[in-house]
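Contents: one structure, followed by commentary.
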Amino acid sequence: MQVEFHFDFGSPNAYLSHLVVPEIERRTGAQFEYVPVLLGGVFKLTNNRSPAESLAGIRNKPEYQRLETARFVQRHGITRFAPNPFFPVNTLTLMRGAVAARRLGVFERYVDAVYRHMWAEPKKMDEPEVLREALIESDLDAEAILALVQTAEVKEELLANTQRSVERGTFGSPTFFVGKEIYFGKDRLRDVEEAITSSALT
């Protein structure tokens, strides 16, 4: 059974999901395949908007969402999460960097590092020098990654990932696929785990 996590570093809910995925992998034996997509591209292709835009001016709903986030954090014992004061951050280079990192064999380290610098020790990661310093501090080859980010192959792969994801039903991040079944949002991780377990039993 193929289990996929379609993610963008700009989503705090994707970061929180990233912290919980290892728990599910340990319990089920499944291995999540991380698929980098560009959330801005997803929004454009689906005529969707970020919560920062869609919830602006709405009474009570933003407060409730913050409450649900606090409950999720408490439920999973998450201690390293802080709102990014520079949000929203343009993640184009970051997501191309994920594609580049996979080609360089450092994908998992890159994902952990960028998520940390986005949502545990928040920085303005769309500033080139901030990103460079964050990669260096994380013992990643910043020059190699940032050089590969500029190549047509990496740019095309991220675009293709994004388009394929939307064609399969994605409209935001985090999105999960268990086989052909789609699940959206960190709060659907329980359903994702249940689907994995059910598939293993059949």
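The values are calculated or read from the model by the stated rules, or taken from the named source; none is laboratory data. Computed from a prediction, not measured in an experiment: that's the story for all the values here. Using ideal geometry, Cβ is built from the backbone for each residue, glycine included, and neighbour counts are taken over all protein chains shown. We work out accessible area using only protein heavy atoms, side chains counted, and drop any ligands, DNA or RNA first. Shrake-Rupley method; radii C 1.70, N 1.55, O 1.52, S 1.80 Å.
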Can you tell me which residues in the range 156-183 are open to solvent by less than 20 Å² (accessible area, probe 1.4 Å) and within 18 Å of residue 49 (Cα to Cα)? 162, 165, 170, 172, 173, 174, 175
Could you run through the range 49-82 and say how many residues are within 15 Å of residue 8 (Cα to Cα) and of a type outside the set (D, E, K, R)? 2
Residues in the range 40-78 that are touching a residue at least 60 places away in the same chain (Cβ under 8 Å), more than 21 Å from residue 178 (Cβ to Cβ) and within 16 Å of the chain's Cα centre (by Cα) total 2
In the range 134-167, how many are assigned to a loop (DSSP other than H, G, I, E, B) and in contact with a Pro (Cβ under 9 Å, 6 or more places away or on another chain)? 0
Might you check whether a residue that is among the hydroxyl-bearing types (Ser, Thr, Tyr) and closer than 23 Å to residue 40 by Cβ occurs anywhere in the range 175-194? yes
Helices (runs of 4 or more DSSP H) contained entirely in the range 39-133, each with at least 1 residues that are crowded, with 16+ Cβ neighbours inside 10 Å and in contact with a Ser or Thr (Cβ under 7 Å, 6 or more places away or on another chain): 39-46, 107-115
Could you check, for the range 19-34, whether at least one of its residues is acidic (Asp, Glu) and either buried (at least 17 other Cβ atoms within 10 Å of the Cβ) or more than 28 Å from residue 138 (Cα to Cα) (or both)? no
Kindly indicate the residue of the range 1-18 that is within 11 Å of the chain's Cα centre (by Cα) and open to solvent by 20 Å² or more (accessible area, probe 1.4 Å) and also farthest from residue 191 (Cα to Cα) among those meeting that condition. 12
Among the residues of the range 1-38, count how many are part of a loop (DSSP other than H, G, I, E, B), of a type in the set (Gly, Ala, Ser) and touching a Leu at 6+ places or on another chain (Cβ under 8 Å). 2
